[in-house]
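A.B. asks: Sharing a structure with you now.
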Amino acid sequence: MKNSVTNTARLLGAGLRALLVLTLVTGVIYPLVVTGIAQGLFSNKANGSEIKADGKVVGSSLIGQAYNLPLKKGQETPDPDLKWFQGRPQNGLGANSVNTQYTLILSGATNRSGDNGAVNGKCPAKPEDGTLCALVLDAKAAVVKDNSVSGYTVKPSDVPADAVTSSGSGLDPDISPQYAEIQVHRVAEKNGLSVAQVEKLVKDHITSRTLGFIGEPRVNVLELNIALKALSAKS
């Protein structure tokens, strides 16, 4: 009986020591080492890829933002503030989620198939409301209308795919250089800038493919609009 109690006490003591050691290693030492390495070598990424303007954090380079006007009385969907570059459509999960305007509770795609609303593989002139075809055609018409200004007309064929479709997460912070470029004349007019100034701004913010072959060239909309604000202030 005495040996049994002694063995049990010894096992409990060994288990307790193992618990304390593992807690110290995995719960204290390891997190501190990983955090230290992350802060020392990749502090910006470790802290959420924050973007600052005027000394304040205004967002993350990984998450898109909306640039809209305040809602008018009786209005459910705000109009875009056309003095800013606009990002991709913010459909998110559509009606299945509160994440329709970059509200960070859920993220995801619309889950509509590529031929949703199509007839014989093509979108009809008047597709059924709520289908992908309807969303794309409505978005394309809005892009053409919003970005066609005096002396510059956007053709439907000029509108790239990222201008009329949301990303897989619904939170894509980037747009293609093509989409940024068709917004140049409108942004220049709204901000009292020359087209050449805004074109240079876009070119300066184009990020090439990662490692030269991964992904596509892109423009971060938040970073571009921060630079636009600074340029407008100087002018």
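The values are calculated or read from the model by the stated rules, or taken from the named source; none is laboratory data. All values reported here derive from a predicted model rather than from experimental measurement. Note: ideal-geometry Cβ built from the backbone for every residue, glycine included; neighbour counts use all protein chains shown.
A.B. asks: Do you know which of the residues in the range 48-91 that are within 17 Å of the chain's Cα centre (by Cα) and exposed (fewer than 13 other Cβ atoms within 10 Å of the Cβ) is farthest from Leu193 (Cα to Cα)? Before the answer, list the steps.
C.D. replies: Of all residues in the range 48-91, those within 17 Å of the chain's Cα centre (by Cα) come to 48-52, 57-68, 80, 84-91.
When the remaining residues are screened for being exposed (fewer than 13 other Cβ atoms within 10 Å of the Cβ), the result is 52, 57.
Values: Lys52: 24, Val57: 26 Å.
Applying the filter and picking the extreme gives Val57.
A.B. asks: Read through the list (1) exposed (fewer than 12 other Cβ atoms within 10 Å of the Cβ); (2) closer than 23 Å to Ile206 by Cα, then give the number of the only condition that Val28 fails.
C.D. replies: (2) is the only condition that Val28 fails.
A.B. asks: Still on this structure, please answer the following. Which residue, of Ala161, Ala180, is out of contact with any Cys (no Cβ under 6 Å at 6 or more places or on another chain) and in contact (Cβ under 8 Å) with a residue 24 or more places away in the chain? Steps first, answer last, please.
C.D. replies: Details: Ala161 fails: in contact (Cβ under 8 Å) with a residue 24 or more places away in the chain.
None of the others qualify; the one that does is Ala180.
A.B. asks: Testing Leu22 on (1) more than 28 Å from Ser169 (Cα to Cα); (2) at pLDDT 90 or above; (3) in the same structural domain as Leu193 (by TED's automatic domain parsing), one condition comes back false. Which one is that?
C.D. replies: Going through the list (1) more than 28 Å from Ser169 (Cα to Cα); (2) at pLDDT 90 or above; (3) in the same structural domain as Leu193 (by TED's automatic domain parsing), Leu22 breaks only (3).
A.B. asks: Taking helices (runs of 4 or more DSSP H) that do not extend beyond the range 1-46, which have at least 3 residues that are hydrophobic (A, V, I, L, M, F, W, C), in contact with a Phe, Trp or Tyr (Cβ under 8 Å, 6 or more places away or on another chain) and at positive phi?
C.D. replies: On the way: elements: 2-24, 30-41, 43-46.
The helices (runs of 4 or more DSSP H) meeting that bar number zero.
A.B. asks: Among the residues of the range 179-235, what is the count of those that are in contact with a Lys or Arg (Cβ under 7 Å, 6 or more places away or on another chain) and on the phi > 0 side of the Ramachandran plot?
C.D. replies: Count: 1.
A.B. asks: Is it the case that the range 191-214 has a residue that's within 15 Å of Val144 (Cβ to Cβ) and over 16 Å from the mean Cα position of the chain (by Cα)? Write out each step before concluding.
C.D. replies: Of all residues in the range 191-214, those within 15 Å of Val144 (Cβ to Cβ) come to none.
No, the range 191-214 has no match at all.
Every residue, every condition in (1) closer than 12 Å to Gly87 by Cα; (2) of a type outside the set (A, V, I, L, M, F, W, C), yes or no:
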residue	(1), (2)
Asp172	yes, yes
Val184	no, no
Leu201	no, no
Ser208	no, yes
Phe213	no, no
Leu231	no, no
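A.B. asks: Answer with yes or no whether Ala227 is aliphatic (A, V, I, L, M), surrounded by fewer than 20 Cβ atoms within 10 Å (Cβ to Cβ) and under 30 Å from Asp115 (Cβ atoms).
C.D. replies: no
A.B. asks: Now, a different point. I'd like the full set of residues that are without any contact (Cβ under 8 Å) to a residue 60 or more places away in the chain, over 26 Å from Gly215 (Cα atoms) and buried (at least 20 other Cβ atoms within 10 Å of the Cβ), limited to the range 183-193. If you could, list the steps in order and put the result at the bottom.
C.D. replies: As a first pass, look at the range 183-193 and keep what is without any contact (Cβ under 8 Å) to a residue 60 or more places away in the chain: 184-185, 188-189, 192-193.
Subsequent filtering for residues that are over 26 Å from Gly215 (Cα atoms) retains 185, 188-189, 192-193.
Passing the criteria: His185, Ala188.
A.B. asks: I'd like to check which helices (runs of 4 or more DSSP H) are fully inside the range 151-235 and have at least 3 residues that are within 25 Å of Ile63 (Cβ to Cβ) and of a type in the set (D, E, K, R). Please lay out each step first, then the result.
C.D. replies: Numbers: elements: 177-181, 184-191, 195-204, 221-234.
Per the criteria, no element qualifies.
A.B. asks: Of the residues that make up the range 142-153, is at least one under 19 Å from Thr110 (Cα atoms) and assigned by TED's automatic domain parsing to the domain that holds Pro217? It would help to see each step written out before you state the result.
C.D. replies: Of the residues in the range 142-153, the ones under 19 Å from Thr110 (Cα atoms) are none.
No, every residue in the range 142-153 fails to be under 19 Å from Thr110 (Cα atoms) and assigned by TED's automatic domain parsing to the domain that holds Pro217.
A.B. asks: Go through (1) buried (at least 20 other Cβ atoms within 10 Å of the Cβ); (2) modelled with pLDDT of 90 or more; (3) hydroxyl-bearing (Ser, Thr, Tyr) for Ser166 and report which single condition fails.
C.D. replies: The single condition Ser166 does not satisfy is (2).
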